[in-house]
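Here is the structure we will look at, set down as structure tokens.
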There are 2 protein chains.
Amino acid sequence: MDLELARRWLGTAVAEARAGLAEGGIPVGAALYGADGVLLGRGRNRRVQDGDPSVHAETDAFRAAGRQRSYRGTTMVTTLSPCWYCSGLVRQFGISRVVVGEAETFHGGHDWLAEHGVEIVLLDDPACVALMREFVERNPALWNEDIGDE
Amino acid sequence: MDLELARRWLGTAVAEARAGLAEGGIPVGAALYGADGVLLGRGRNRRVQDGDPSVHAETDAFRAAGRQRSYRGTTMVTTLSPCWYCSGLVRQFGISRVVVGEAETFHGGHDWLAEHGVEIVLLDDPACVALMREFVERNPALWNEDIGDE
């Protein structure tokens with residue numbers, strides 16, 4: 001895909017991540033774009049805000065998009081490499097593409113998705129890296145809880 | 001694990017599935033049990049009831065259990081083989097065991113979980129098979145929507 005467009009879409013996910021951080025939450029954000037480029041849903045990790053461990057950023061954006069008959073051609077944009085849970089979401093529902101802000105602070109399932117035909121656009125965005133690195137350094141226990149790491 | 005206990009726990013998931021069916025929903029139910037055998041959370045597919053595509057039975061049970069520091073020793077019980085989304089949940093959070101009511105009407109990611117060290121107890125329960133078979137026959141479009149199948 002066009003990288004300028006990917007970076008613009010990433011901006012939506014970054015805005016969600018920053019809003020989450022301001023709420024005292026885990027700063028991961030996501031957005032789901034339709035095949036026609038329309039924003040279907042956006043969201044952020046809500047573990048802290050809602051006390052809900054099931055709402056990672058990608059699932060929140062997916063939920064916000066509501067019921068869809070097909071995800072063909074859609075793009076999930078996320079500030080961070082998707083964990084197995086969110087990678088499973090992408091694979092199960094046939095989301096066509098994932099734009100990943102960074103995979104340096106956490107390496108999730110995006111290689112597995114690529115093996116299964118999902119287009120992966122890894123942006124290696126320095127602002128996304130800095131956001132997570134600083135958060136994880138300050139909140140290691142909370143971050144480990146969010147990825148099920150003991 | 002003890003199969004009698006597995007069948008008893010499956011009863012909780014089946015009760016959730018039947019409650020979902022009575023609400024007009026997709027009849028898949030789940031329950032998360034702690035390492036000590038205590039019920040941590042139970043739930044059911046809520047696509048129809050809440051208009052929320054992100055709430056499969058397993059994620060609903062996981063959500064109902066609230067924030068947990070560790071899932072070591074826990075058991076996810078589900079009436080149906082977990083899809084990639086729910087299989088990813090199990091893998092990411094380190095849930096130790098999955099009790100599967102049936103994998104005949106839908107074959108999800110339980111083999112993949114077994115490869116990654118999750119104990120799988122497949123019960124081949126005829127009541128679970130009958131519940132799903134009848135539902136899918138009557139509601140093929142809704143079922144396909146729920147598993148992202150066009």
Worksheet, complete the sentence: Residues of region A:73-85 being more than 7 Å from every other protein chain (Cβ to nearest Cβ) and either farther than 17 Å from B:F93 by Cβ or open to solvent by 10 Å² or more (accessible area, probe 1.4 Å) (or both), in sequence order, are A:G73, A:T74, A:T75, A:M76, A:V77, A:T78, A:T79
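Would region A:15-25 turn up any residue that is of a type in the set (G, A, S), touching a residue at least 40 places away in the same chain (Cβ under 8 Å) and either open to solvent by 10 Å² or more (accessible area, probe 1.4 Å) or in a helix (DSSP H, G or I) (or both)?
Yes, the conditions are met somewhere in region A:15-25.
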Item to complete: Could you list, in sequence order, all residues of region B:8-55 that are more than 25 Å from A:T59 (Cα to Cα) and charged (D, E, K, R)?
Response: B:R8, B:R18, B:D36
Worksheet item: Pick from B:R42, B:R47: which is of a type outside the set (S, T, N, Q) and open to solvent by 10 Å² or more (accessible area, probe 1.4 Å)?
Response: B:R42
Fill in: Matching residues in region A:90-141 - criterion: being farther than 16 Å from A:T74 by Cβ and of a type in the set (S, T, Y)
A:T105
Worksheet, complete the sentence: Residue set B:R97, B:R69, B:R91; condition open to solvent by 40 Å² or more (accessible area, probe 1.4 Å) and under 20 Å from A:E58 (Cβ atoms); output residue B:R91
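Which one is modelled with the lowest pLDDT among residues in region A:115-150 that are of a type in the set (D, E) and open to solvent by 70 Å² or more (accessible area, probe 1.4 Å)?
Looking at the filtered set, the residue picked out is A:E150.
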Worksheet item: Is one or more of the residues making up region A:118-131 in contact with a helix residue (DSSP H, G or I) (Cβ under 9 Å, 6 or more places away or on another chain), facing chain B (nearest Cβ under 8 Å) and under 25 Å from B:I95 (Cβ atoms)?
Response: no
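Condition check ((1) within 15 Å of the chain's Cα centre (by Cα); (2) farther than 23 Å from A:Q68 by Cα; (3) at pLDDT 95 or above; (4) among the hydrophobic types (A, V, I, L, M, F, W, C)) across all residues:
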{"residue": "A:R7", "(1), (2), (3), (4)": "yes, yes, yes, no"}
{"residue": "A:L10", "(1), (2), (3), (4)": "yes, no, yes, yes"}
{"residue": "A:V14", "(1), (2), (3), (4)": "yes, yes, yes, yes"}
{"residue": "A:A17", "(1), (2), (3), (4)": "yes, yes, yes, yes"}
{"residue": "A:A31", "(1), (2), (3), (4)": "yes, no, yes, yes"}
{"residue": "A:L39", "(1), (2), (3), (4)": "yes, no, yes, yes"}
{"residue": "A:R47", "(1), (2), (3), (4)": "yes, yes, yes, no"}
Discussion item. Could you list, ordered by first residue, the pairs with Cβ atoms under 7 Å in which the first is in region A:42-57 and without any contact (Cβ under 8 Å) to a residue 12 or more places away in the chain and facing another protein chain (nearest Cβ under 9 Å) and the second is of a type in the set (G, A, S) and open to solvent by less than 30 Å² (accessible area, probe 1.4 Å), at least 6 apart or interchain?
Written reply: A:G51/B:G66
Worksheet entry | Filtered residues of region A:50-66 (kept if open to solvent by 30 Å² or more (accessible area, probe 1.4 Å) and under 15 Å from B:D50 (Cα atoms)) | A:R63, A:A64
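The values are calculated or read from the model by the stated rules, or taken from the named source; none is laboratory data. Fair warning: this is a prediction, and the values are worked out from it, not measured in the lab. Heads up, the Cβs are rebuilt from the backbone with ideal geometry, glycines too, and the neighbour counts pull from every protein chain shown. Quick note on the areas: whole protein, heavy atoms, side chains included, nothing else; ligands and nucleic acids left out. Shrake-Rupley method; radii C 1.70, N 1.55, O 1.52, S 1.80 Å.
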